[in-house]
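To keep things clear, I will list the structure first and then write my remarks on it.
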Amino acid sequence: MKRRSFLKTMGQATAAVSLPQLWSACQSTNKQRPNILWIEVEDVSPLMSCYGYEINPTPNLDRMAQKGVLFLNTFMPAPVCSPCRSAIITGMMQTTLGTHNHHSSRSEVTAIHLPSDVKTLPEIFRQAGYFTFNQGKDDYNFWYDRDSLYAGEYTTHALYGKSGKRNIGWKDRQPDQPFFGQIQLSGGKHIYRENFKDRVRNPVNRQAFDVPPYYPDHPAVREDWARHLDSVQITDNEVGEIEEYLRTDGLLENTVIFFFSDHGMRLWRHKQFCYDSGLHVPFVMSWPGNPQKIGREGSIREDLVNGLDIAATSLALAGIEIPDYMESRNLFAHGFKPREFVISARDRCDYTIDRIRTVRTKRFRYIRNFLLDRPYMQPNYRDAWEITQTMRRLHVQGQLDAIQDRFWSDERPREEFYDLQNDPHEIDNLAGHPEYNDELVRYRKILDDWILETDDKGQYPEDTANLKFMFDWWGEKCVNPEYDRFRK
């Protein structure tokens, strides 16, 4: 059976809206309704010049930020793609919906259905008369009929259609019809592409940056970090191309552009982990023809933003009512009150079962590790990487200092607590320091209350069907005890 992108939902999805009827009703106002475009990037940390990382110039994103809004403190609901994407596209935490385990709902047998009253953003936009498209991957952990979400043709590359010719999704809409579009860029995954080196115009000087203290200053680490910076430059060029396509088609002025990443870069302690390095992402917005709607040009927002908030903000700017069930917030609402904290969650990633929860405020990060019987770097899909093998070898040979070695040991604490103001790399765990006891009590309560109030689905064992699917897929790599019942 083909991937869900081409599947029906066995009668669970809401019937498609009659677009001709909606189109007739909306046509008179469409010229005033803005287009909404998400440029979603994979595996990118905010290591770019618009975020003060001057050795990595990103002129197109710099220009976008200078004309729009740059959000300094955006944290994603999960440090891995499919739970994060499932949350943003619904405006609800993946742990609320039960879509928190990476690569769930991959067959009819393992299908996870959204509640009947929960609709995805594309469905809501279509009901409002918008043309919708997604060029790139969906990667949602719930069962859906792609034809109900997106009117545009399915494409596997952000800028090219089935024919191989350039075909930006908005070209298929009705004349003057507004669109909600998602363009997926490879971002940090550009390093896997065969033509990666050919696309890097100005490779970053491999000696021009500092390696974070939780990594050894080893040539392999330095090269991997530099390649990530190079991939960000490629991404910036692609952003410039997309803006030019909009300009050529006369759409740039009335298009609200959201640029953001699904989580941090691919290295350990970044992707899949609940530190700033895994959850802090770039987020830049622009509306060239109506910048006052999102603040004055060149605005810098320092308030805490949950990646979820992209959903409600997109609806609000399009003049569409935000559903009451959404946990997302409109960042430009009248009387807007910034979040006091952002909660993020990590659960099963591929075959690796874990459970981590974190609370991030402006100054502190609290992390709770629930499964202490397994180390940070328990078996995972990155084990085959040369750089991972290099790190394990350095650990065994005793060539890592105490800070670097901590992540590769067999131990991890139940709680971690970091003062980001004085310790931006999250090195000094303050959970055992008596002077922080009162703060710890407060953060524990925030997390405990949230788990109770949202009925965090991560507190329950994963359903048998999805767990068995992972076991059948990954086989002997499934070493966690949760898989024992499937072994012969």
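The values are calculated or read from the model by the stated rules, or taken from the named source; none is laboratory data. None of the values given here were measured: they were computed from a predicted structure. In this analysis, Cβ positions are derived from the backbone assuming ideal geometry, glycine residues included, and neighbour counts consider all displayed protein chains.
A compact table of results
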item	result
Flag if Arg368 is assigned to a helix (DSSP H, G or I), under 23 Å from the mean Cα position of the chain (by Cα) and surrounded by 14 or more Cβ atoms within 10 Å (Cβ to Cβ)	no
Of all residues in region 190-208 being out of contact with any Leu (no Cβ under 7 Å at 6 or more places or on another chain) and crowded, with 17+ Cβ neighbours inside 10 Å, the one that is farthest from Val281 (Cα to Cα)	Val200
In region 243-264, the residues that are crowded, with 24+ Cβ neighbours inside 10 Å and part of a loop (DSSP other than H, G, I, E, B)	Asp262, His263, Gly264
Filtered residue count, region 338-355, keeping only those that are hydrophobic (A, V, I, L, M, F, W, C) and either at pLDDT below 95 or under 22 Å from Val479 (Cβ atoms) (or both)	2
Residue count, region 49-67 (criterion: assigned to a loop (DSSP other than H, G, I, E, B) and surrounded by fewer than 24 Cβ atoms within 10 Å (Cβ to Cβ))	6
Counted residues, region 215-242 - those being out of contact with any helix residue (DSSP H, G or I) (no Cβ under 6 Å at 6 or more places or on another chain) and surrounded by fewer than 19 Cβ atoms within 10 Å (Cβ to Cβ)	7
Test: Gly295 is small (Gly, Ala, Ser) and out of contact with any helix residue (DSSP H, G or I) (no Cβ under 9 Å at 6 or more places or on another chain)	yes
Given (1) assigned by TED's automatic domain parsing to the domain that holds Trp268; (2) of a type outside the set (Phe, Trp, Tyr); (3) closer than 27 Å to Ser104 by Cα; (4) buried (at least 20 other Cβ atoms within 10 Å of the Cβ), index of the condition Pro323 fails	(4)
Subset tally (residues that are on the phi < 0 side of the Ramachandran plot and loosely packed, with under 15 Cβ neighbours inside 10 Å) for region 384-441	28
Number of positions in region 124-139 that are within 20 Å of the chain's Cα centre (by Cα) and touching a residue at least 60 places away in the same chain (Cβ under 8 Å)	2
Top-ranked residue in region 449-471 [being under 23 Å from the mean Cα position of the chain (by Cα) and more than 24 Å from Tyr381 (Cβ to Cβ); ranked as surrounded by the most Cβ atoms within 10 Å (Cβ to Cβ)]	Asp456
Selection status of Ser45, assigned to a loop (DSSP other than H, G, I, E, B), under 12 Å from the mean Cα position of the chain (by Cα) and of a type outside the set (A, V, I, L, M)	yes
Verdict on Asp117 being out of contact with any helix residue (DSSP H, G or I) (no Cβ under 8 Å at 6 or more places or on another chain), among the acidic types (Asp, Glu) and at pLDDT 95 or above	yes
Search result, residues across region 68-94 that are among the charged types (D, E, K, R) and surrounded by fewer than 24 Cβ atoms within 10 Å (Cβ to Cβ)	none
Close pairs from region 352-367: first free of Cβ contacts under 8 Å to residues at least 40 places away in the same chain, partner of a type in the set (Lys, Arg), Cβ under 8 Å, at least 6 apart	Asp354/Arg346; Asp354/Arg348; Asp354/Arg374
Any hit, region 77-89, residues being more than 16 Å from the chain's Cα centre (by Cα) and farther than 21 Å from Ser231 by Cα	no
Residue check for Asp198: in a helix (DSSP H, G or I) and free of Cβ contacts under 8 Å to residues at least 24 places away in the same chain	yes
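Conditions (1) of a type outside the set (A, V, I, L, M); (2) at positive phi; (3) at pLDDT 95 or above, marked per residue:
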position	(1), (2), (3)
Leu149	no, no, yes
Gly164	yes, yes, no
Gly181	yes, no, yes
Ile191	no, no, no
Asn195	yes, no, no
Leu246	no, no, yes
